[in-house]
Amino acid sequence: MYFTLSQYEFKDSDSDDWHKVSESFVLDKLVDVFGPLTPKLAEMLKGKEISISEGNFRIKNYGNEKK
């Protein structure tokens, strides 16, 4: 069986570049801002970006990688 774990990315508010971040970083920030994580993680799994005051989070989309 083959599967890929989700990789999370963060884009700072004043930047256009996405950077890989750890799952623990994402979860800590989201719980600080939103409380229950399940609704926000469900949105991210559907391809949405989640915004906080410091920037945006998303799950890396492997279908749109540049070669």
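Some values worked out for this structure:
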quantity: Matching residues, region 1-60, being aliphatic (A, V, I, L, M) and loosely packed, with under 11 Cβ neighbours inside 10 Å; calculated: M1, L5, A42, L45
quantity: Some residue of region 54-65 being modelled with pLDDT of 90 or more and hydroxyl-bearing (S, T, Y); calculated: no
quantity: Hits in region 20-46 (condition: closer than 19 Å to N61 by Cα and touching a Lys or Arg at 6+ places or on another chain (Cβ under 7 Å)); calculated: M44
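The values are calculated or read from the model by the stated rules, or taken from the named source; none is laboratory data. This structure is a prediction, so every number in the text was calculated from the model and none was measured. Every residue, glycine among them, receives a Cβ derived from its backbone with ideal geometry; neighbour counts consider all protein chains shown.
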